[in-house]
Amino acid sequence: MACEKQDRRSGHPEAKRVGVAAIIIQDRLNAAPAVNKILSEYGEIIVGRMGIPYTDRHVSVIALIVDGDTDAIGAMTGKLGSIPGVKSRVTLVPSDNESGE
């Protein structure tokens, strides 16, 4: 039986969050292998992926739909952001028990 992660503050099981991660790659030839390795490591939280080479701007853009706990999502985007030439940001929808628009 898998052990469910618990929220550090409340001690209750940590809620999964849905969100979108944006990844901008400025040096595709050097960064792509590391980016793909990290995305493979976190494949269980990635629901969908769209990648576009934006040649006019000399960057590649990846959009991910993610569904997971905030620790896993944050760890993934943190690792991506630590790769030289890669920027990563995520926007998460509040869980059912949080208020917000």
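Taking interchain pairs and intrachain pairs at least six residues apart, which have beta carbon atoms under 6 angstrom, with the first residue in the range 20-34 and surrounded by 14 or more Cβ atoms within 10 Å (Cβ to Cβ) and the second not in a strand (DSSP E or B) and not acidic (Asp, Glu)?
Ala21/Thr77; Ile23/Leu80; Ile25/Ala31; Gln26/Gly85; Asp27/Gly85; Ala31/Ile83; Ala31/Gly85; Ala34/Ile83
Identify all residues within the range 42-71 that are small (Gly, Ala, Ser), more than 11 Å from Gly19 (Cβ to Cβ) and crowded, with 18+ Cβ neighbours inside 10 Å; write none if there are none.
Listed by number, the list holds a single entry, Ser60.
Identify, by number, the condition in (1) modelled with pLDDT of 95 or more; (2) more than 16 Å from the chain's Cα centre (by Cα); (3) surrounded by 11 or more Cβ atoms within 10 Å (Cβ to Cβ) that Pro13 doesn't meet.
So the condition that Pro13 fails would be (1).
Can you go through Thr91, Thr77 and tell me which one is part of a helix (DSSP H, G or I), modelled with pLDDT of 95 or more and either out of contact with any helix residue (DSSP H, G or I) (no Cβ under 9 Å at 6 or more places or on another chain) or over 17 Å from Gly19 (Cα atoms) (or both)?
Testing whether each residue is part of a helix (DSSP H, G or I), modelled with pLDDT of 95 or more and either out of contact with any helix residue (DSSP H, G or I) (no Cβ under 9 Å at 6 or more places or on another chain) or over 17 Å from Gly19 (Cα atoms) (or both) leaves just Thr77.
For the range 16-58, how many residues meet the condition of being of a type in the set (A, V, I, L, M), over 18 Å from Thr77 (Cα atoms) and not in a strand (DSSP E or B)?
So the first thing to find is which residues in the range 16-58 are of a type in the set (A, V, I, L, M), and the list is 18, 20-25, 29, 31-32, 34-35, 38-39, 45-47, 50, 52.
Those still in the list that are over 18 Å from Thr77 (Cα atoms) too: 29, 52.
Filter once more, so that each one left must be not in a strand (DSSP E or B): 29.
The total comes to 1.
The values are calculated or read from the model by the stated rules, or taken from the named source; none is laboratory data. Quick caveat, the model's predicted, so the values are computed rather than measured. All Cβ positions, even for glycine, are placed from backbone atoms using ideal geometry, and neighbour counts span all protein chains on display.
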